[in-house]
Amino acid sequence: MNEQTQYQLTIKAHDNLGTLERILRVIRHRGGNIKSMQMQTIENNTLIMTLKLTTERTLSTLQNQVAKLEDVIVIE
């Protein structure tokens, strides 16, 4: 069994219908296992998510796939 590393990601995105579901689906399909999540909507209909997750894959692969989503502004 491969060892999973825990990471923290902060994602800023436009809060449009379905944005949250699309982000979570990409994370799940790319092998991410979310351990905790905080989310809030701030001014100008912007969503801020802080996720703690584990993955067997490299973090850069996951970040690149999430960043390709249309509503994502920045991922750290």
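The values are calculated or read from the model by the stated rules, or taken from the named source; none is laboratory data. Just so it is clear, the structure is predicted and the values come from calculations on it, not from any experiment. As a convention, Cβ positions derive from the backbone with ideal geometry for all residues, glycine included, and neighbour counts pool all protein chains shown. Accessible surface areas use protein heavy atoms only, side chains included; no ligands, DNA or RNA. Shrake-Rupley method; radii C 1.70, N 1.55, O 1.52, S 1.80 Å.
Taken over region 1-15, the criterion of being in a strand (DSSP E or B), without any contact (Cβ under 8 Å) to a residue 60 or more places away in the chain and within 21 Å of LYS68 (Cα to Cα) is satisfied by TYR7, GLN8, HIS14.
Entry remark, region 16-31: residues being touching a residue at least 12 places away in the same chain (Cβ under 8 Å) and open to solvent by less than 50 Å² (accessible area, probe 1.4 Å) number 6 in total. In region 1-15, what residues are at pLDDT 95 or above and open to solvent by 70 Å² or more (accessible area, probe 1.4 Å)? Result: GLN8, LYS12, HIS14.
Of all the listed residues (LEU47, LEU62), the sole one being open to solvent by less than 90 Å² (accessible area, probe 1.4 Å) and either part of a loop (DSSP other than H, G, I, E, B) or modelled with pLDDT of 95 or more (or both) is LEU47. The single condition from (1) in a strand (DSSP E or B); (2) in contact with a helix residue (DSSP H, G or I) (Cβ under 9 Å, 6 or more places away or on another chain) that LYS35 fails is (2). Taken as a whole, region 32-39 holds no residue that is in contact (Cβ under 8 Å) with a residue 24 or more places away in the chain and of a type in the set (Ser, Thr, Tyr).
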